[in-house]
Amino acid sequence: MEKRVIKKDALAGIIKKMAENMVVYAPVRDEDNVLFTVLEEEMEPLLEFDNTKNAPKNFFFPQTEVMMRYMKTERGRELSTVEGEATPAVLFGVRPCDARSFVLLDNVFNDPKYKDPYYIDRREKTTIVSLACVQPPYTTCFCTSVDGHPFSAEGADVLLVDLGDTYLAEFVTPKGEELLKKMGDLPAADEALEAKKEKLSDAAGKAVNGVVPGRAIKSWMDENFEHPFWDTIHQSCLACGTCTYLCPTCHCFDITDEIKKEDGRRIRSWDSCMSWLFTMETSGHNPRPSQKQRWRQRAMHKFKYFVDNYDAIACVGCGRCVMYCPVNIDIRKIVTDISNL
Ligand code: SF4
Ligand code: SF4
């Protein structure tokens, strides 16, 4: 693995230069929020920020996308699929929790049995540059409780570590090493910098505020689908879906057709298990008619079903759902309460 040093005051210039020749997604300030967006010429990438409000999953799995187009012709219906259209891109400034979310999403969208060409195309053409959390940014962070770490390089092609006036840049994958060629001549990192990184990494892991028994609750969930506990957590839920739309690992979608005269298109859009319509069947039957059942599904999917299917928890501990739930439903408390039953 290549390890190089980038002077702190040079990084923004390197990113902007890359943006001249390829698509670069980076965090930028947008009024009170920090959001990932396509870096335009006049924009400055943010290097000092906590985390973005929007999870970066939408660069691989957009809120809405056209999957195919069709039209009625004299010969019948003609189809044109929309695949392989992604342009090479760099996704800069992803926090380690969010970078891990891509590894989890790969399980779903790049399963040996079910390959999603839209997701895979974008994922393969995008290089991910992650920024380690030297100071875990929020009191709501709990990455270390769900198999992550503030210095994890899982899901990243390049990991940047802020060492004060320089960044240590680790080029962890072949894609990352390709990006190194576009970053100019960067000096090699010495052992002293690596030792400094290890020390910071150790401190950052210990500084993560949230400690919840992420793995331990699965055995309880295996046995307690009908437990009275499930009557308690949903009661204040507004079913707004905020928790699912901001979550970097939530990946449910709906598919609809839009037809106008002779032309049609098939569209995939994000959906949410928090919505009663999500499981509504054409017959009018709804297998999850109440918010209790929907909240049980959300918790079970993250901490049981995904573990059954992929041996991984479908939560990276980013804390977005905790921060932005309008009625303060806290997934950390749910996990902790279950562990105490
Ligand atoms: S954000 Fe809160 S209120 Fe909205 S659906 Fe999620 S748990 Fe319910
Ligand atoms: S469930 Fe909440 S804390 Fe976990 S990854 Fe999703 S938004 Fe982040």
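Taking the alpha carbon gyration tensor of the stretch 102-216, what are the square roots of 5 times its eigenvalues, largest first, to the nearest whole Å? If you can, show how the numbers build up before the last one.
Details: eigenvalues 136, 112, 19 Å².
Sorted largest first and rounded, they come to 26, 24, 10 Å.
Other residues lying with their Cβ under 15 Å from the Cβ of residue 277 contribute a combined charge of -1, Lys and Arg counting +1, Asp and Glu -1. Near residue 252, the amide H atoms lying under 5 Å from its own belong to 271; only residues 5 or more places off or on other chains count, and H is placed 1.01 Å from N. One compactness figure for the stretch 218-339 is 1.18, namely its Cα radius of gyration divided by 2.2 N^0.38 Å.
Could you give the size of the charge dipole of the chain about its Cα centre, using +1 on the Cβ of each K and R and -1 on the Cβ of each D and E, expressed in debye and rounded to the nearest 20? Please report the intermediate quantities before stating the final value.
Working: 44 positive and 52 negative charges, 148 e Å.
Its charge dipole is roughly 720 debye.
Over all alpha-carbon pairs in the stretch 14-121, figure out the percentage whose distance exceeds 23 Å. Summing the P(r) tail past 23 Å for the stretch 14-121 gives 42 percent.
Please express the shape of the stretch 153-225 as an equivalent ellipsoid: the semi-axes are the square roots of 5 times the eigenvalues of the C-alpha gyration tensor, given largest first in whole angstrom. Numbers along the way, then the final one.
On the way: eigenvalues 251, 67, 14 Å².
Listed largest to smallest, the semi-axes of the stretch 153-225 are 35, 18, 8 Å.
Identify all lysines with a Cα-Cα distance to residue 181 below 25 Å; exclude those on the same chain that are fewer than 8 residues away in sequence. Counting by Cα, and skipping residues close in sequence, residue 181 has these lysines nearby: 3, 7, 8, 16, 17, 125, 197.
Scan the stretch 42-103 for chymotrypsin sites (Phe, Trp or Tyr not before Pro) in coil per DSSP, keeping those whose Cβ has at most 14 other Cβ atoms within 10 Å, and list them by number. Before the final figure, lay out each step's value.
On the way: sites: 49, 59, 60, 70, 92, 102; in loops: 49, 60.
Answer by residue number: there is no such site.
Comparing mean-square fluctuations of 166, 81, 64 from a GNM of the chain with C-alpha springs under 10 Å, the top value falls on 81.
Between 205, 214, 264, the Gaussian network model of the chain with springs among Cα atoms under 10 angstrom shows the greatest mean-square fluctuation at 264.
Here the simple spin-label model places points 7 Å from the Cα toward Cβ, and for residue 173 and residue 78 these points are separated by 3.8 nm.
When DSSP beta bridges are restricted to pairs lying wholly in the chain, around 80% turn out antiparallel.
Convex hull volume per residue, computed on the Cα atoms of the stretch 48-106, equals 114 Å³. Reducing the stretch 264-341 and the stretch 1-73 to their Cα centroids gives an inter-centroid distance of 28 Å. Pair-distance distribution P(r) for the chain, from all Cα-Cα distances in 20 Å bins starting at 0: 28, 55, 17, 1 percent.
For residue 263 and residue 103, a Förster radius of 56 Å and the Cβ-Cβ distance give a FRET efficiency of 0.90, rounded to the nearest 0.05. Here the stretch 218-339 is treated with +1 on each Lys and Arg Cβ and -1 on each Asp and Glu Cβ, and its dipole about the Cα centre works out to around 300 debye. Between residue 339 and residue 198, what's the calculated FRET efficiency when r is the beta-carbon distance and R0 is 22 Å? Round to 0.05. With R0 = 22 Å, the Cβ-Cβ based efficiency is 0.10. Of the residues 181, 115, 16, the one that moves most in a GNM of the chain with alpha-carbon contacts below 10 Å is 181.
Projecting the Cα atoms of 149, 135, 66 onto the charge dipole of the stretch 52-158 (Cβ charges, centred on the Cα centre) puts 66 farthest toward the positive pole.
How would the stretch 150-302 be classified by its alpha-carbon gyration tensor: rounded, prolate or oblate, with rounded meaning a/c under 1.5 and the a/b versus b/c comparison settling the rest? Oblate, because a/c is 1.5 or more while a/b does not exceed b/c. Positive contributions from Lys and Arg (+1) and negative ones from Asp and Glu (-1), summed over other residues with Cβ under 15 Å from the Cβ of residue 319, come out at +4. Under 5 Å from the amide H of residue 141 lie the amide H atoms of 209, 210, each residue being 5 or more positions distant or on a separate chain, with H modelled from the backbone and absent for Pro and chain starts. With R₀ set to 45 Å, the beta-carbon distance separating residue 223 from residue 68 gives a calculated FRET efficiency near 0.55. Sequence gap of 8 or more, or different chains, plus Cα separation below 24 Å: how many lysine pairs satisfy both in the stretch 218-339? Here the count comes out as 9.
Since every read-out is calculated from the coordinates, none of them should be taken as a lab result. As the structure is a computational prediction, the values presented were derived from the model and not from experiment. Neighbour counts run over all protein chains shown; Cβ positions are idealised from the backbone, glycine included.
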